[in-house]
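Asker: Sharing a structure below in structure tokens format, with a few things to ask.
Since every read-out is calculated from the coordinates, none of them should be taken as a lab result. These figures come from a predicted structure and were not determined experimentally. Note that each Cβ is placed from the backbone with ideal geometry, even for glycine, and that neighbours are counted across all protein chains shown.
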Amino acid sequence: MHPDTFIPFHMPSIGDEEVREVESTLRSGWLTTGPRTAQFEKEFGSYVRTPHAIAVSSCTAGLHAALSALGVGKGDEVITTPLTFCSTVHAILQTGAKPVLVDVRADGNIDPEKIEKAVTGRTRAILPVHLAGLPCEMKVIWRLARRHGLLVVEDAAHAAGTYYRGRSIGAAGDSGDVSDAVCFSFYATKNMTTGEGGMITTPSKSLAARIRILALHGMSRDAWNRYSKHGSWYYEVVASGFKYNLSDIQSAIGIHQLRKLDSFIQARARYAEMYNQAFAELEELETPPAGTHCRHSWHLYMLRLNLSSLKIDRKGFIEQLRRRGVGASVHFIPIPLHPYFSRMPWAARRCDQALNLYQRVVSLPLYPALTEAQVRHVIGSVKHIVATYRVRRPHAALTRAS
Ligand SMILES: *Cc1c(COP(=O)(O)O)cnc(C)c1O
């Protein structure tokens, strides 16, 4: 395959609308957090159906700000998954709390059955990750959280556009079936992007206010209003804050990405279905679960290799894809395998499922900017590699006859 036609693992979908909005933002004279960020927050909030949406500089910043605003800190334990991006765990550690890694199910999401056994007197929060855009079993997690008086903060980095039991991830909901905070990512490769960026949603007005203070230098807006008689220069620092705000230049992109989100998800789902149909018949492969009671956002297409039927490992498989002009990736290197985390006692907790899944997952290109021809090329490449490296077992009838 000609190098020019290499199919990258990801390409963003940025249209003229985003370009024009960024240009007019740049010309408006207002670059940092301002009217476009306010509009983006409002529109994101109405998309997921929550009264409070706070734009932040990243999902990582969002997780740290949300956990901090909820008072999670030293002496606390936060239950999360080993099969996630490192920043889920950094955010916990940077509050001073201790991560507790609970193994995943076959679908890659945290196993709700195993969470309860991990709860101790120090557990403060559960931090589930909707891996690949497949929602976690939130009903069970919320019930557990209620029973043990725990907070729930969702890492929804993959889940913009994911629906769970008829509601968008991040929806305010009712009857206690709701998380304290949900953090989305608008990193360049995510379902929608602002280049870098994130959003926190919460049903709680007071938590939203606290997050806003922490996300902007610990400066109080209320004080700003109260003391505005001092003049427009006046503010009060009321907490140890961070610099986690999103600029209007980034929000300008987000406003238009959000409007396209549902069509992006439709395109992802269509290509995922093409992959599913093409690979279903191959015993050397296992297609990723689509879930029930949900709309999977198909952020990632995590194909599973049945390694015992293949004479090639995952690393070799990705190398073969690359040779055929297809970029692939792996999600994720389990947390305990990273040198920095591996030194920590909490990283020793068993997570066999996550370690096992890690050995055999390959994320294929899946994004709206792909063409059907490119998806067919990826399918053809995967099938070719499987045909080349399949373990040829003697036919059962022949074995008996010999
Ligand atoms: C991308 C990602 C993050 C971090 O998002 P940023 O916006 O880049 O900070 C967190 N968790 C998961 C699971 C991710 O994939």
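Asker: According to a simple spin-label model (label point 7 Å from Cα along Cα-to-Cβ), what is the distance in nm between Arg270 and Glu372?
Answerer: Going by the 7 Å Cα→Cβ label model, 0.8 nm.
Asker: What does DSSP give for the chain in terms of the percent of beta bridges that are antiparallel, rounded to the nearest 5? If you can, show how the numbers build up before the last one.
Answerer: Details: 26 of 42 bridges.
DSSP beta bridges in the chain are roughly 60 percent antiparallel.
Asker: Compute the length gained on full extension between Glu281 and Leu307: take 0.36 nm times their separation in residues and subtract their Cα-Cα distance, giving the result in nm to one decimal. All intermediate terms of the calculation are to be shown ahead of the outcome.
Answerer: Details: separation 26, 0.36 × 26 = 9.36 nm, distance 1.61 nm.
In short, 7.8 nm is gained.
Asker: At 7 Å along the Cα-to-beta-carbon direction for both Trp233 and Lys205, put a label point, then send me their distance in nm to one decimal.
Answerer: 3.4 nm
Asker: Oh, and also: Per the Kirkwood formula on distinct C-alpha pairs, the Rh of the range 67-141 is how many angstrom?
Answerer: Result for the range 67-141 stands at 12.4 Å.
Asker: Here is a follow-up. If you stretched the chain out fully between Leu26 and Leu337, how much longer would it get, using 0.36 nm times the residue separation minus the C-alpha to C-alpha distance? Mind showing how you got there, number by number?
Answerer: On the way: separation 311, 0.36 × 311 = 111.96 nm, distance 4.32 nm.
This chain segment gains 107.6 nm when fully extended.
Asker: Another question, if that's okay. Of the listed peptides 105-112, 304-311, what is their order by residue-averaged count of other C-beta atoms within 10 Å, with the highest listed first?
Answerer: Most protected by this proxy first, the peptides run 105-112, 304-311.
Asker: Just grab the label-to-label distance for Ser329 and Ala106, each label 7 Å out from Cα along the Cβ direction, in nm (one decimal).
Answerer: 2.7 nm
Asker: Which value at 222 nm does the chain reach when only helices count, each DSSP H run of 4 or more adding -39,500 (n - 2.57), with the total divided by all residues and rounded to the nearest 500 deg cm²/dmol?
Answerer: Helix contribution divided over all residues of the chain: -12500 deg cm²/dmol.
Asker: Report the gain in length on full extension from Gln39 to His90: 0.36 nm times residue separation, minus Cα-Cα distance, nm rounded to one decimal.
Answerer: 15.4 nm is the gain from fully extending Gln39 to His90.
Asker: Mind checking which lysines have their C-alpha under 16 Å from Lys114, skipping anything on the same chain fewer than 8 residues away?
Answerer: Partners found: Lys139.
Asker: If you don't mind, there's one more thing I want to ask. Please report, in Å, the Rg and the Dmax of the chain, where both are computed over Cα atoms only.
Answerer: That works out to 22.7, 96 Å for Rg and Dmax.
Asker: Which lysines, if any, have their Cα less than 17 Å from the Cα of Lys98, not counting same-chain residues under 8 positions apart?
Answerer: Partners found: Lys74, Lys117.
Asker: Size of the dipole of the range 16-256 about the Cα centre, Lys and Arg at +1 and Asp and Glu at -1 on the beta carbon, nothing else charged, in debye to 20?
Answerer: Taking the Cα centre of the range 16-256 as origin, the dipole is about 760 debye.
Asker: Taking a cut-off of 14 Å between Cα atoms, list the aspartates and glutamates near Lys260, but don't count ones fewer than 8 places away on the same chain.
Answerer: By straight Cα distance, Lys260 reaches Asp16, Glu17, Glu18, Glu43.
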